[in-house]
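**Q** Next up is a structure, given as structure tokens.
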Amino acid sequence: MAENYAVNHYVAEFWNCITNVMFVALASSGLHSAFKYRQAKRVIAYYAAMSFVGFGSLLFHATLKYETQLLDELPMMYLATLALYSVIEIDKKTKFGIKVPIALAAGMLGITLIYIFWIPNPVFHQIAFALTVMSTVAVSYKRESEMQLSNRTKRILRRQLYSGVLGMLGGFFVWNLDNIFCQQLRTYRTKLSSPLDILLQLHGWWHILTAYGCMSLLLWVHFLRIARLGHDNLFTIKRRLRVLPYVTIATPKKLE
């Protein structure tokens, strides 16, 4: 955990606050692409939700208040739920009508109320979030296995899936290291001093790694839907400034 008000008198955990900019930057890259190519509202919704995750976490680490802690934690589940809905209703026309959104909304409302009023334990939130993410990955993988995809499309999808899983697992690993070796890390950061101490701000690295993992999984879901609609030969995934991935039109020489 970070030292409170060590860098700035107005921001409780400076580096944990700043590193959430990665969520917003990556989500903004996805939003720009979604609007530019007139993607479905559900695509716009989950990129917007990802940016809200970043803003919520930023507010929490800036203030360390309970209200902003909820803004840090709950939007993560809502984002995963939006992605889950997107792969359940992957076709252009919805198959289940209003039943799926009502069921998912009711589930999230139930989890939210339980977390706030009955089981305000972070472990409950972590389990609920993990189950939602695993459900999204499982349904996405099933959808992908049902489709006849070109080798090019398979490579694009696999790259995003593997990057997403590695990012999330890597973030979870450093987050646990930060929790287990909290006192030792604080001692080492004091010895290093600024700016080298940022290398040991493991909670900040958790934000960066999970932001990339989250974005990669969203791009997997996004490109999977593009493939489902039969447009995958027209699109590819590139990077702005080599760090911000986004869906864009493929150049003719890269098409199969």
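**Q** Among the residues of segment 116-132, how many are open to solvent by less than 90 Å² (accessible area, probe 1.4 Å) and more than 30 Å from residue 225 (Cα to Cα)? Don't jump to the end; show me each part of the working.
**A** Keep residues of segment 116-132 that are open to solvent by less than 90 Å² (accessible area, probe 1.4 Å), which gives 116, 119-126, 128-130, 132.
Those left that are additionally more than 30 Å from residue 225 (Cα to Cα): 116, 119-124.
Count: 7.
**Q** Residue pairs, Cβ under 6 Å, 6 or more apart or interchain, first in segment 231-245 and within 17 Å of residue 158 (Cβ to Cβ), second open to solvent by 60 Å² or more (accessible area, probe 1.4 Å) and in a strand (DSSP E or B). List them.
**A** 245/239
**Q** Can you pull out the residues in segment 133-181 that are farther than 22 Å from residue 238 by Cα and open to solvent by less than 20 Å² (accessible area, probe 1.4 Å)?
**A** 136, 171, 178
**Q** Taking interchain pairs and intrachain pairs at least six residues apart, which have beta carbon atoms under 9 angstrom, with the first residue in segment 30-58 and in contact (Cβ under 8 Å) with a residue 12 or more places away in the chain and crowded, with 19+ Cβ neighbours inside 10 Å and the second assigned to a helix (DSSP H, G or I) and among the acidic types (Asp, Glu)?
**A** 53/72; 56/72; 56/73; 57/72; 57/73; 58/72
**Q** So which of 51, 29 ends up being touching a strand residue (DSSP E or B) at 6+ places or on another chain (Cβ under 8 Å) and at pLDDT 95 or above?
**A** 29
**Q** Mind checking which pairs have a first residue in segment 76-98 that is open to solvent by less than 20 Å² (accessible area, probe 1.4 Å) and a second that is not in a helix (DSSP H, G or I), Cβ under 7 Å, 6 or more apart or different chains?
**A** 89/95; 89/96
**Q** Could I ask something else about it? Within segment 227-256, restricting attention to residues that are surrounded by fewer than 20 Cβ atoms within 10 Å (Cβ to Cβ) and assigned to a helix (DSSP H, G or I), which residue is modelled with the lowest pLDDT?
**A** 254
The values are calculated or read from the model by the stated rules, or taken from the named source; none is laboratory data. On a predicted model such as this, the values are computed, not experimentally measured, just so you know. Don't worry about glycine lacking a Cβ; one is built from the backbone with ideal geometry, like all the others, and counts go over all protein chains shown. What goes into the accessible areas is simple: the full protein's heavy atoms, side chains included, and nothing from ligands, DNA or RNA. Shrake-Rupley method; radii C 1.70, N 1.55, O 1.52, S 1.80 Å.
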